[in-house]
1. Just the residues that are of a type in the set (A, V, I, L, M), surrounded by fewer than 16 Cβ atoms within 10 Å (Cβ to Cβ) and part of a loop (DSSP other than H, G, I, E, B), please, taken from region 117-150.
2. Under the condition of being hydrophobic (A, V, I, L, M, F, W, C) and within 19 Å of Leu40 (Cβ to Cβ), which residue from region 172-203 is modelled with the lowest pLDDT?
Amino acid sequence: MPHGRSVLLLGALVIIVTGVAGSSRAKTPGWQVGEHPRILAVAADRPAMVAKLTTPGTVSNAIWTNFLASNRRNFTSGYSHNYATQGVLYWITQNDTYGTLARTAVLNYLNDVPNAITPTAASFELGFWRYRDFLLNYDFANNLFSAGERDTVNQYIVLQGTKCEAAGAAYAPGNINGLWGLCAYLSGLMLEGETVSVSVTDE
């Protein structure tokens, strides 16, 4: 399926990102307070990553080329995991078209799921994967958001992260519980160094 193909290619790019990060972060500092991205990569990783992805004849370049082709076919789809590709593409290419799509996806998510999601087995697919896409797009296209929008998104992350953190072991079996734990971890990572507060109510 085209959506599944795009998700697999994004996974391959994640391996490339973490591979570059593993070699460069031993020599350079991590992200600073207020700096984005920070989940899959940091600003210091970008030059080496761009060079790796755009060098012809390499496995990395082949994956990147397939990723671009898949994205061109599918990026206009509405409700899909392809949302996460736009933030990655914006950060690598600095093409504002991708950045606008990433920003729009984040703001649409706030409207689609205004009270955040209470973790359950039933909300596993809709919940965790779309929230992951939301965080990645916000992280990679962070500079395109206004100060007011950042405050709104950050408070939403507090809300969703708190709900994930509060979920007990009984609500879902197996790896679903672990993925919602990852939701709490990523929320905390995104908010580190930020000054935010929110009243959390379980809707």
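The values are calculated or read from the model by the stated rules, or taken from the named source; none is laboratory data. Not measured: the values here are computed from a predicted model. All Cβ positions, glycine included, derive from the backbone under ideal geometry; neighbour counts span all protein chains shown.
1. Ala121, Ala122
2. Only one residue fits best here, namely Leu179.
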